[in-house]
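> Attaching a single structure in structure tokens format; questions to follow.
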Amino acid sequence: MSRTERPAAGATHAEPDPRPEVAAAVQRWQRRHGRRGLPWVGERNPYRVWLSEVMLQQTQVATVVGYYERFLERFPHVQALAAASEDEVLALWSGLGYYSRARHLHRCAQQVMAAHDGRFPPDSAALARLPGIGRSTAAAIAAFCFGERAAILDGNVKRVLTRLLGFGGDLAEAAAERALWAHARALLPARGIESYTQGLMDLGATVCLARQPQCARCPLATQCTAHQEGRPEAYPVKSRRTRRGARDDILLWLEHRGRWWLARRPGTGVWAGLWCLPLVADAAALTRATAGWPGTAQALPEVRHALTHFDWTLRPLHWRWPARARGPAEAELVQRLGAGRWLRPDEALALGLPAPVRRLLEAA
């Protein structure tokens with residue numbers, strides 16, 4: 001097989017192989033070289049482990065640390081989070097992205113309080129039934145906090161295991177995903193689940209990188225099929241790739257007598273549930289929305305914002321109504337720009353805002 005050839009779609013290693021030497025190598029490496037100094041490493045509090053696991057989904061560690069610490073300062077325990085309003089939660093989450101995580105986090109805290117007397121269930125099966133807690137996150141909480149022999153399979157761990165095993169199954173297919181879960185379970189150690197789980201996470205985050213993996217530093221290199229083949233970047237295999245699109249919108253910043261008009265985004269879609277300056281599709285829509293308005297409009301430098309499936313160009317337009325003029329009636333603005341309200345700057349910045357909108361308004 002050439003180095004550019006992809007693994008065979010059926011190469012799923014249908015018979016999971018318990019290999020105790022794998023777990024032992026990971027555990028030794030973690031004790032000597034695993035990550036230290038992160039506020040959640042070594043944590044046994046289910047609330048804190050859960051919070052870190054959710055924040056780390058699709059977000060870099062360096063970004064998460066500050067959010068994690070600020071979140072715990074404001075919501076030190078699950079009771080405080082459950083009692084908060086959704087706007088308070090989204091405001092602290094602003095800039096971390098993937099805002100559905102924050103809404104699930106809030107609902108999960110409320111369910112823990114309502115259905116479990118404020119205590120997280122002590123097993124992965126029950127944890128996975130809570131809002132927003134997937135199978136891998138549930139296993140991580142159960143392993144770290146309750147010592148359960150539960151397999152995790154987040155993105156980093158998938159990369160480590162598919163390379164180790166030479167697992168060529170297409171993870172876009174449910175059957176291949178199930179097969180990899182079986183391998184993950186087979187590799188679990190009889191003891192020391194905490195150091196093994198943390199070790200897999202640390203390997204994926206610091207050594208077995210998506211690009212330019214550091215195979216010379218890897219404790220599994222001598223056992224790793226992908227390393228022996230000389231093509232670690234061929235794994236994992238996932239065929240369905242979403243094509244990136246592009247979008248271009250005007251961001252209308254309407255100001256009158258020191259207040260800003262913010263509209264709440266719909267409950268689904270991009271920035272769902274967040275407060276935002278109104279988005280206008282194009283110049284024609286802007287003309288319709290602002291017909292007959294007095295004042296001046298100032299075009300500000302465009303903002304480029306990358307989301308998961310598309311690149312977004314936002315063109316802020318700061319429209320100031322004269323202070324002496326009576327501002328547009330709320331009913332008129334709702335009709336033209338969608339549901340919203342006038343807010344003082346301090347009120348606006350206390351809400352959940354998309355990161356580029358928050359940066360724009362804070363700069364004011």
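The values are calculated or read from the model by the stated rules, or taken from the named source; none is laboratory data. The shown structure was predicted, so the numbers you read here are calculated from the model rather than taken from an experiment. A quick note on method: Cβ atoms are made from the backbone with ideal geometry, for glycine too, and the neighbour counts reach across all protein chains shown.
> Is it the case that the range 180-201 has a residue that's touching an Asp or Glu at 6+ places or on another chain (Cβ under 9 Å), within 23 Å of Pro46 (Cβ to Cβ) and not hydrophobic (A, V, I, L, M, F, W, C)?
no
> Considering only the range 264-283, I want to know if a residue exists there that is in a loop (DSSP other than H, G, I, E, B), surrounded by fewer than 15 Cβ atoms within 10 Å (Cβ to Cβ) and among the hydrophobic types (A, V, I, L, M, F, W, C).
Start the filter on the range 264-283 by keeping residues that are in a loop (DSSP other than H, G, I, E, B), which leaves 265-274, 277-278, 281-282.
So of that shortlist, the ones also surrounded by fewer than 15 Cβ atoms within 10 Å (Cβ to Cβ) come out as 266-269, 272, 281-282.
Filter again for among the hydrophobic types (A, V, I, L, M, F, W, C), leaving 272, 281.
Among the residues of the range 264-283, at least one is in a loop (DSSP other than H, G, I, E, B), surrounded by fewer than 15 Cβ atoms within 10 Å (Cβ to Cβ) and among the hydrophobic types (A, V, I, L, M, F, W, C), which makes the answer yes.
> All but one of (1) over 24 Å from Ala363 (Cα atoms); (2) free of Cβ contacts under 8 Å to residues at least 24 places away in the same chain hold for Arg265, so report the exception by its number.
Among (1) over 24 Å from Ala363 (Cα atoms); (2) free of Cβ contacts under 8 Å to residues at least 24 places away in the same chain, the lone unmet condition for Arg265 is (1).
> Go through the range 308-364 and give me each residue that's farther than 19 Å from Asp248 by Cα, among the charged types (D, E, K, R) and in contact (Cβ under 8 Å) with a residue 40 or more places away in the chain.
Arg320, Arg336, Arg341, Arg344
> Given the conditions (1) in contact with a strand residue (DSSP E or B) (Cβ under 9 Å, 6 or more places away or on another chain); (2) without any contact (Cβ under 8 Å) to a residue 40 or more places away in the chain; (3) of a type in the set (S, T, N, Q), and given that Gln214 satisfies all but one, which numbered condition is not satisfied?
(1)
> Starting from the range 279-291, take each residue that is in contact (Cβ under 8 Å) with a residue 24 or more places away in the chain and list its partners that are assigned to a loop (DSSP other than H, G, I, E, B) and of a type outside the set (D, E, K, R), counting only C-beta distances under 8 angstrom and pairs at least six apart or across chains.
Listed by first residue and then by second, the contacts come to Ala289/Pro278.
> Filter the range 168-177 down to residues that are in contact with a Ser or Thr (Cβ under 9 Å, 6 or more places away or on another chain) and assigned to a helix (DSSP H, G or I), then give me how many there are.
2
> Suppose we filter the range 117-140 for residues that are out of contact with any Asp or Glu (no Cβ under 7 Å at 6 or more places or on another chain) and part of a helix (DSSP H, G or I); how many remain?
So the count comes out to 6.
> Restricting to the range 239-263, count the residues that are at pLDDT 90 or above, touching a strand residue (DSSP E or B) at 6+ places or on another chain (Cβ under 7 Å) and of a type outside the set (A, V, I, L, M).
Residues meeting the conditions: 8.
> Spot the failing condition for Trp50; the list is (1) buried (at least 20 other Cβ atoms within 10 Å of the Cβ); (2) over 30 Å from Pro189 (Cβ atoms), and only one is missed.
Failing condition for Trp50: (2).
> If you don't mind, another one. Taking Leu188 as the residue in question, decide whether it is in a loop (DSSP other than H, G, I, E, B) and farther than 16 Å from Asn156 by Cα.
Details: in a loop (DSSP other than H, G, I, E, B): yes; farther than 16 Å from Asn156 by Cα: yes.
Answer is yes for this residue.
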